[in-house]
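Peer 1: Attaching a single structure in structure tokens format; questions to follow.
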């Protein structure tokens with residue numbers, strides 16, 4: 001009997017406090033990414049340049065992108081149904097770009113890939129977080145459901161292209177300045193070359209992208225297919 005009751009509690013989702021926390025978290029993220037999109041559009045519409053773009057959006061990106069690390073925690077403790085294996089690579093890739101390239105180099109922030117990233121990220125996250133809030137409240141409108149499981153078809157490849165461009169633009173600087181590189185000899189008797197790590201990391205996109213994109217396609221068939229059946 002104890003096992004049955006435990007399963008029921010787990011399958012019912014987060015409790016009242018958990019739902020309140022998730023609503024607050026996702027609402028704040030929706031507002032944050034909306035502000036970031038507004039900053040970006042305002043910057044370029046007012047004839048701002050790529051050289052000053054990072055200065056304009058720097059702290060907004062750092063705060064709201066790194067806040068996504070909490071989503072790994074949410075998954076680990078079962079606050080959300082998403083598996084860690086899916087959440088971890090999605091969150092890590094963006095946090096790594098922000099902390100490992102944009103904050104660590106001067107060349108990545110002036111890459112034409114940055115506005116591409118920010119545009120794709122912002123639109124994706126505004127839709128995603130707004131969907132999460134309304135889903136908890138059982139009030140997701142049909143257009144938002146469609147956008148949640150359709151915009152990734154275009155925005156996901158665009159975002160990844162921007163990420164790779166930012167990393168590519170940082171390579172020469174990393175190699176020249178030996179950034180985040182540990183050379184022998186040293187007290188730890190170990191070596192690490194950040195330049196080669198970046199190249200290896202960029203190559204990882206080749207096997208990982210199809211897996212994550214395939215997961216989203218499966219989710220799209222599940223959610224939109226189920227909704228279509230209901231309307232028949």
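Peer 1: So, in region 104-141, how many residues would count as being in a helix (DSSP H, G or I), more than 16 Å from the chain's Cα centre (by Cα) and within 25 Å of residue 18 (Cα to Cα)?
Peer 2: The qualifying residues number 4.
Peer 1: Could you figure out which of (1) without any contact (Cβ under 8 Å) to a residue 24 or more places away in the chain; (2) farther than 24 Å from residue 80 by Cβ; (3) part of a helix (DSSP H, G or I); (4) more than 17 Å from the chain's Cα centre (by Cα) isn't true of residue 199?
Peer 2: (1)
Peer 1: Mind checking whether some residue in region 126-138 is out of contact with any helix residue (DSSP H, G or I) (no Cβ under 8 Å at 6 or more places or on another chain) and at pLDDT 95 or above?
Peer 2: From region 126-138, those out of contact with any helix residue (DSSP H, G or I) (no Cβ under 8 Å at 6 or more places or on another chain) are 135, 138; that's our starting set.
So of that shortlist, the ones also at pLDDT 95 or above come out as 135, 138.
There is at least one residue in region 126-138 that is out of contact with any helix residue (DSSP H, G or I) (no Cβ under 8 Å at 6 or more places or on another chain) and at pLDDT 95 or above.
Peer 1: A follow-up question, please. Return yes when residue 94 is assigned to a helix (DSSP H, G or I), closer than 25 Å to residue 35 by Cβ and touching a residue at least 24 places away in the same chain (Cβ under 8 Å) and no when it is not.
Peer 2: Answer is yes for this residue.
The rows are residues; the columns are (1) modelled with pLDDT of 95 or more; (2) more than 10 Å from the chain's Cα centre (by Cα); (3) buried (at least 18 other Cβ atoms within 10 Å of the Cβ).
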{"site": "49", "(1), (2), (3)": "yes, yes, no"}
{"site": "53", "(1), (2), (3)": "yes, yes, yes"}
{"site": "58", "(1), (2), (3)": "yes, yes, no"}
{"site": "65", "(1), (2), (3)": "yes, no, yes"}
{"site": "72", "(1), (2), (3)": "yes, yes, no"}
{"site": "78", "(1), (2), (3)": "no, yes, no"}
{"site": "83", "(1), (2), (3)": "no, yes, no"}
{"site": "86", "(1), (2), (3)": "no, yes, no"}
{"site": "93", "(1), (2), (3)": "no, no, yes"}
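The values are calculated or read from the model by the stated rules, or taken from the named source; none is laboratory data. Computed from a prediction, not measured in an experiment: that's the story for all the values here. All Cβ positions, glycine included, derive from the backbone under ideal geometry; neighbour counts span all protein chains shown.
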